[in-house]
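The values are calculated or read from the model by the stated rules, or taken from the named source; none is laboratory data. Note that the structure is a prediction, hence the values are computed from the model and not measured. Here the Cβ positions follow ideal geometry from the backbone for every residue, glycine too, while neighbour counts run over all protein chains shown. To get the accessible areas, we keep the full protein, side chains included, count just its heavy atoms, and leave off ligands, DNA and RNA. Shrake-Rupley method; radii C 1.70, N 1.55, O 1.52, S 1.80 Å.
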Amino acid sequence: MKTFLQRVALGVAFVGLAGCNSLTGDALDTLNVAVFGPESQISIAQVAAIDAPVLLANLGVAEALLVSPGRGVGLSEWHGRTEMLLTHHGRLVQTAGLPVDVIAPLAADDPFMTGLHAVADGHEITRLVDYPAQYRTGLPQHARYKRGKVESINFMGRDHQLLRVDEYIRMPELNFRARNQYWVEPDTGLVRRSVQHFSPELPPLILTLAKVEGGAP
């Protein structure tokens, strides 16, 4: 692992994360821009130069390029200089090094296990969420799904035709409600872009799977 991180360290950057503890207007205003354009400040050349899967992340005004030592699909670790994200079929299930860290594993019958492209409208599920630093554990998170339409999403210089699936979450103990959005490949269910709310204290985390298994962006 150490050798891998040294090999890609020059391509990994996380900017401005410490400033995202407060939910500022500027941070919220970046949401639509980060999802639909303009292109990330991280260049196509930077992504192409890394011989590993690449995940781009936006948290408010912060931007990051993270890499995985694995295939970048299924259960995947993504590493920055001081941060780690764990995703499971595209959904954020654990963080380390963010202003608020979370552990939110998928349920055994989670729709992410079989692919969001196959989820039925109105499907509901409950997961259990932990916020270790706040000594909050086992908090129920209820999720309901709504299928959208195929949309054109541009990243890495290309238009991608992706199916949008909305996930409406609520956590009564925190008085927290939010809508997560996932753009998935219609034939495989692979999540290529998502907007995920994981804490009521932070703006949503916007993730873009820019490269899979070390291939071309």
- Note on the structure: In whole angstrom, largest first, the equivalent ellipsoid semi-axes that the Cα gyration tensor gives for region 92-217 are 26, 18, 13
- Task: Arrange the residues K211, K149 by how much accessible surface each exposes, largest first, with a 1.4 angstrom probe.
- Result: K149, K211
- Assuming R0 = 41 Å, what is the FRET efficiency of R81 and V150, from their Cβ-Cβ distance, to the nearest 0.05? 0.70
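As a test of the definition: which semi-axes, in Å, follow for region 152-217 when you take the square root of five times each eigenvalue of its alpha carbon gyration tensor? Largest first, please.
27, 13, 10
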- Task: With a 10 Å radius around each residue's Cβ, average the other Cβ atoms per peptide and rank 169-176, 96-103, highest first.
- Result: 96-103, 169-176
- Task: Distance from a point 7 Å along Cα→Cβ of R170 to each backbone N in region 136-150: keep the residues under 17 Å and list them by number.
- Result: 139-146
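Among the chymotrypsin sites (Phe, Trp or Tyr not before Pro) within region 117-155, which fall in a DSSP loop and have no more than 16 other Cβ atoms within 10 Å of their own Cβ?
Y135
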- Note on the structure: Cα convex hull volume per residue for region 58-162, in Å³, equals 137
